[in-house]
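Accompanying notes for the structure given below.
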Amino acid sequence: MSEQCVRRPTASPEHLYTWLDIDQYFAELAQEGSWPGWLREVDAYWDGVRLLVANDQPEAEVWTWLIEMFGPLAIKRERGVLLLDDAGQERPLPVEIEHVQEIYPPDRRPRWTDRRIVAELGRPLPPPASRLPHDVQIMAFHSFKGGVGRTLHCVAAAQRLADEGRRVLLVDADLEAPGVTWMVAEAIRIDFAYEDFLALVHGDTEQTYADAIGLGRKFLVKQDLDGVIVMPARRDLTRIAPPRIELVDLLTTDRDPYVLTSALAELGHALGVDAVLVDLRAGGSELSAPVLLDPRVHRVFVTTISDQSVRATAAMMRDLALRAPARQSTDPDCALVLTQFSPQDHQSRLAEVAASLRESALAVSRQKIRDSEPDGDGDMTDADACIPMAASDFNPQLRNLPAAWSDVVTLVARERLGERLAPLVESLPIGGRSAQRADDVNAGY
């Protein structure tokens, strides 16, 4: 075997039903750094598997490695096939080994599902070329499970900033279940929505986003609710169909990979806001990927202390540590909001969850922390103190939200929810720029 060959650290897959299982397994191997140096790319389809390998790689060693990875029952070298699981009738999938000099490197985009299975999947996405335009701060709220209070806490954070005299752009980016949109439906006339913004950015071939920024600024200033400018998910609240434009539609190879967050920052600057707060779609949806996979974004994870929610949140942060870690000194750390617990009954569980999730959040910032130390080691023991964390215990009053925005804001204030989010709000380095930005907007910026 070649010395470059890395052995599989865990067991081969238990089931191989279709080519999708093969694709996923090779992707996992790449993410774990378990590809041999001679393997360039893998393409699995319903009718076969093709391995692109280095031009001088002996074919016999390729088969030996495949047997090690999949096991001798799945790989039949003498027939040149991989056997899928069957129900009594054999299901062989041909394996083709193609020798190549080099292949074009993948143009990776901030999405959860990569289109090409290559060794680069074990490396982070290419970092953004610069900081967010005009240093506008973007804070995105995400939860892997629904019903944990993500939208409510996003609204509370926006209102807290507004109460402090800040200007905020609140974006309802949950295009499938838009909560903020329904809250403001009676409070404002919705003339401009997130779907409009996405479509305008998508259609801008010059990549200046002039129409998206210009039209957004023209109409969004009229959707201001006492310092919180709201960009709902859609204008038509009667439509419950899936979104008509997907975020991945923006991720074409002729655009910067971080086009969405950069365009949101430009819009925020044009509106004169201090921060853009984004309420994302729950789960591992591509509707959240272009925002969560930008290390310049303040990524806030909201979770209860239930085991399923905690494990899913930790898994999401492990994925970020691989795909989009904080590497620059200006990249913010992940933040955490723990919800729906009893201070009397869940003290030990709360401490356990806080420690576990802080460790997961630190993994996202590990490289940044190490680089910040002169000796290159970084003090990971003390670093967890810099992970912003807020605790929001169970409150039955918050389980039955009113319909109107004004009533929601009143409830948030009465239950002092914004005060609980102080660690998150204070982590935003926004300085004292609201007055100048507001003057710019009023002067016709």
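Here are a few things to note about the model shown:
- For segment 149-166, Karplus couplings with θ = phi - 60° (6.51, -1.76, 1.60), whole Hz, Gly/Pro x: x, 4, 4, 4, 6, 5, 4, 4, 5, 5, 5, 4, 4, 5, 5, 8, x, 8
- The angle separating the long axis of helix 19-31 from the principal Cα axis of greatest extent in the chain is about 80 degrees.
- Based on DSSP H segments of at least four residues, each scored -39500 (n - 2.57), the chain has a per-residue ellipticity at 222 nm of -10500 deg cm²/dmol.
- Each label point was placed 7 Å from the Cα along the Cα-to-Cβ direction; for residue 135 and residue 103 their separation is 4.3 nm.
- Backbone amide hydrogens, once placed in the peptide plane, bring residue 80 within less than 5 Å of nothing, excluding anything fewer than 5 places away on its chain.
- Three-way shape call for segment 77-227 based on the alpha-carbon gyration tensor, with the a/c threshold at 1.5: prolate
- The chain: angle of helix 307-323 to the longest principal axis, Cα-based, in degrees nearest 10: 70 degrees
- The stretch between residue 359 and residue 306, if pulled fully straight at 0.36 nm per residue, gains 17.3 nm over its current Cα-Cα span.
- In order along segment 210-227, the Karplus-derived 3J(HN,Hα) couplings, from 6.51 cos²θ - 1.76 cosθ + 1.60 at θ = phi - 60°, round to 4, 5, 4, 6, x, 5, x, 5, 4, 9, 5, 4, 8, 10, 8, 10, 6, x Hz, and Gly and Pro are given as x.
- The largest accessible area among 323, 281 belongs to the first residue in 281, 323, and the rest follow in falling order (1.4 Å probe, all chains).
- Relative to the longest principal axis of the Cα atoms of the chain, the long axis of helix 259-271 lies at roughly 10 degrees.
- For segment 141-247, the spread of Cα coordinates along the three principal axes comes to 37, 32, 25 Å, biggest extent given first.
- Ligands, DNA and RNA are left out, and with a 1.4 angstrom probe the accessible area of the chain is 45 Å² per residue.
- Of the labelled figures (1) 0.99; (2) 1.46; (3) 1.09, only one reflects Cα Rg over 2.2 N^0.38 Å as derived from the coordinates, namely (3).
- Fully extended contour minus Cα-Cα distance, from residue 221 to residue 415, at 0.36 nm per residue: 67.0 nm
- Percent carbon-and-sulfur accessible area, the chain, ignoring ligands, DNA and RNA, probe 1.4 Å: 48 percent
- Two-site label geometry, residue 68 and residue 89: point separation in nm, points 7 Å out along Cα→Cβ: 3.7 nm
- Amide H contacts of residue 277 (H built 1.01 Å from N, under 5 Å, at least 5 apart or other chain): 139, 169, 170, 171
The values are calculated or read from the model by the stated rules, or taken from the named source; none is laboratory data. Bear in mind the structure is a predicted one, so any value in this text is a computation, not a measurement. Glycine gets a Cβ as well: all are built from the backbone with ideal geometry, and neighbour counts include every protein chain shown. Accessible surface areas use protein heavy atoms only, side chains included; no ligands, DNA or RNA. Shrake-Rupley method; radii C 1.70, N 1.55, O 1.52, S 1.80 Å.
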